[in-house]
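The values are calculated or read from the model by the stated rules, or taken from the named source; none is laboratory data. Since this is a predicted model, take the numbers as computed values, not measurements. A quick note on method: Cβ atoms are made from the backbone with ideal geometry, for glycine too, and the neighbour counts reach across all protein chains shown. With ligands, DNA and RNA removed, areas are computed over all heavy atoms of the protein, side chains included. Shrake-Rupley method; radii C 1.70, N 1.55, O 1.52, S 1.80 Å.
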Amino acid sequence: MNIFLAMIPAFLWGTTYAITKYAMPDWPPILLGALRALPAGVVLWLLKPSLPRGGQWRPLLLLAAVNIALFFACIFVMAVNLPAAIAGVGMVSVPVVALLYAWLVKGQRPALVQSICALALVFLAWFLFDPKEVSLTLIGMLALFASLLCIVVGSALVQKFSMHIHWWTVLTWQLILGGTLLAIAALIQAFYLEPEAYQALQNPIERQQWLAVLWLVLPNTAVAYSLYVWLLGRMSVVEFTFGTIANPIAGIVTAALLLAETYQGWQYALMMAMIVFSVTPQGVQLLRSRWENKKASI
């Protein structure tokens, strides 16, 4: 059941790329991150106010820096610099990074089926992300890799800190602190480093842009992150990452509907294959558990 619940935030997150490119392609990624995180955190805090204790501020600040500030900045750099469908499909590579992290950092060797599927994902991605076939940028690909790493490390931190800090406090304050860090960075960029990046904001904000910001704040962040933090207390990081099957599906669908992005048949086949391989280990584990339970009940 948890795997299906994990698909809800993944699907909502998968709409980020196309909606950003459709409504706000010229807005600075750091500003977009701040507009997404800080209001969502405040809304959730108003629903149930909480205040971290003295020793909890440092871990929450670390979590906010990795899981919100850096991750949101990378996500919007991807949204601006990569095709929306490609950005969404690229996120199914999370299991590869999660397995490597679990192996190298925690000493947890991946199962055979996980290793095979991870290698298949790398092989398929090599062909899908061929610069000769798809318009890619170096900064977009670097942001993709950094965002994958942020997801895995950030999810591990959420699990670790949620053991000692109430999950609602983790949820609200990572958004508030991360959004504040992004807002400070955006102000520095706007006034001192790159004021020309904010010229697009001199134009009147259109209705579709207000609706896009509202979508990013409420369903895309407030709702999705509430489910995300709650679920990580009930399933492993690797299990959760296999629920991200819904992310590329949302990316492909919204890219086609909003941006009229189309690809050749073989490219869609590669996308579908990556999605299948990303969830195969979880499916095998589920079938194995059911089989063992059935044998035990006989």
Gaussian network model of the chain, Cα within-10 Å springs - most flexible of ALA18, ALA87, ALA111: ALA111
Rounded to one decimal in nm, the spacing of the 7 Å Cα→Cβ label points at VAL276 and LYS106 is 2.9
Using r as the Cβ-Cβ distance of ARG288 and GLN264, and R0 as 51 Å, what FRET efficiency do you calculate, to the nearest 0.05? 0.90
Hits for the chain under the membrane-span-like helix rule (DSSP H, Cα axial span at least 20 Å, Kyte-Doolittle mean at least 0.5) are 29-47, 112-128, 138-162, 167-188
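On average, how much accessible surface per residue is there in the chain, in Å², for a 1.4 Å probe, leaving out ligands, DNA and RNA?
Accessible area per residue: 49 Å².
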How much length is gained if the chain between ASN203 and HIS166 is pulled fully straight, taking 0.36 nm per residue apart and subtracting their Cα-Cα distance, in nm to one decimal? 9.1 nm
Treating cross-link reach as a plain straight distance, find the lysines whose alpha-carbon is under 26 Å from the alpha-carbon of LYS160, omitting any fewer than eight places away in the same chain. LYS48, LYS106
For the chain, what % of the accessible area comes from carbon and sulfur atoms, probe 1.4 Å? 70
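Once you have the Cα-Cα distance between TYR192 and TRP210, take 0.36 nm times their residue separation minus that, and quote the gain in nm to one decimal.
Result: 3.8 nm gained on full extension.
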Between the DSSP loop rule and a limit of at most 14 other Cβ atoms within 10 Å, which trypsin sites (Lys or Arg not before Pro) in region 94-176 are left? LYS106, LYS132
